[in-house]
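Derivation of every value follows stated rules applied to the coordinates shown; laboratory data play no part. Given the structure is predicted, the values throughout are model-derived calculations rather than measurements. When we count neighbours, we look across all protein chains shown, and the Cβ atoms used for this are built from the backbone with ideal geometry, even at glycine.
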Amino acid sequence: MDFKPPFQQICKAILLQNSTHEALSSHDDDKVSLVEECELPLIDLSHLNLGHFEGDKCMNEIAQAASQWGFFQVVNHGVSQEIIKSMQNEQRRLFHKPFAEKVEKNFLNSSSNCYRWGNPQATCLRQFSWSEAFHISVTEIPTMNDHHNSLRSTIEAFVKTVSGLAKRLAEILAQPLGVKPNYFEENCPPRTSYLRLNRYAPCTFPSQVFGLISHTDTDFLTIVHQDQVGGLEIFKDGRWLAVKPNPEALVVNIGDFFEALSNGAYKSIKHRVVSTQEVERLSVAYFYCPSYDAVVQNCGNEPSTYRQFTLREYKLQTQIDVQETGEKVGLSRFLL
């Protein structure tokens, strides 16, 4: 049985309804084009353990990257290469299961279907993502079906390490902001975060369709391991930049909630994944999220840019925007 989602059929149907020009011209920033490659700021987390001076310098580098780039890379992060390789192998086996099985309600978990692909409701190509994913709540991991035992144990090992890393980085970033020391302990219990396994399939229309459309992340922090295929691009200083993969590093990016919490000091910037015609690309992302009713608000002394809100309010607004406009609008909905 074929494991590939029907990407091509959906895109051909869209092309019949819209010309390529109409499908891509409405947002000039989102057009597929050749872009310059960049290397994200690289931070060695082992320096946090080298004494007061080196530790402070490392924390300043983290805060500087969050404010100037919104993205950075970390090495000596504590996630072993063994776990990362095991995760990639498990992902490949999972995504190469027949498509008819993946879309079944009980494929991974008896209580929900966490499999997503493309956007069958897209009305133009810029709304369509040529990719598939399993979006898994941390609470769902222990209840995965028994025939996914190997996948479950690998995910548990990955999450155990990366969740601690996310909390540590969030607390480091919070220090200069005046956020109370136990804010993340109180508002981001482990059960509220998510893991997303991504597969970007070889694309028939790589010059016209993205692997993942331009967006910002909703959470506080996202931690990503990407393979060496490349494809991640970030929007900085009015232009798109291709992120050069680093086999030793994890990519960290600031989400909308941290931008609001920092009153705009840290930047949640647009990013996307371009498609490739030749090979598949795999990545795994951990989203460090608050509970639904945790309040996000500016904790500093400066006048607030955004009104206070909760994850529940943010998700509701996003659902409304997607229904009305076809895409997430994001933080601008919460400006004062």
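Within segment 175-189, which residues have the backbone N less than 16 Å from the label spot 7 Å out from Gln317 along Cα→beta-carbon, could you tell me?
none
So for the chain, averaging the separation of alpha carbon pairs under 8 Å that are six or more residues apart and normalising by length, what relative contact order in percent results? The partial results should precede the final answer.
Values: 642 pairs, mean separation 68.5, N = 336.
Once divided by the residue count of the chain, the mean separation gives 20 percent.
Counting only Cα, what are the radius of gyration and maximum Cα-Cα distance Dmax of the chain, in Å?
Values for the chain (Cα only, Rg and Dmax): 19.7, 62 Å.
Taking only C-alpha pairs under 8 Å that are 6+ residues apart, what is the relative contact order of segment 224-276 in percent? Walk me through the intermediate numbers first.
Values: 68 pairs, mean separation 21.4, N = 53.
Relative contact order of segment 224-276: 40 percent.
Read phi for every residue in segment 289-305 and hand back ³J(HN,Hα) as whole Hz from Karplus 6.51 cos²θ - 1.76 cosθ + 1.60, θ = phi - 60°, with x for Gly and Pro.
10, x, 5, 4, 10, 5, 8, 9, 7, 4, 9, x, 8, 6, x, 6, 7
Could you give the size of the charge dipole of the chain about its Cα centre, using +1 on the Cβ of each K and R and -1 on the Cβ of each D and E, expressed in debye and rounded to the nearest 20? It would help to have the intermediate numbers written out before the result.
Working: 32 positive and 39 negative charges, 128 e Å.
Here the chain has a charge dipole of around 620 debye.
Please list 3J(HN,Hα) in residue order for segment 328-336, calculated via the Karplus relation 6.51 cos²θ - 1.76 cosθ + 1.60 where θ = phi - 60°; whole Hz, with x for glycine and proline.
Each residue of segment 328-336 in turn: 6, 8, x, 4, 4, 5, 10, 5, 7 Hz.
Stretch Ser207-Arg333 to full length: gain in nm at 0.36 nm per residue minus the Cα-Cα span?
42.2 nm
Compare the peptides 283-290, 304-311 by average per-residue count of other Cβ atoms within 10 angstrom and give them in order, highest first.
Details: 283-290: 24.4, 304-311: 16.9.
The packing order, highest mean first, is 283-290, 304-311.
Give me the lysines in straight-line cross-link reach of Lys97: C-alpha distance below 17 Å, same-chain residues under 8 apart excluded.
Once the sequence-local lysines are set aside, what remains near Lys97 is Lys4, Lys105.
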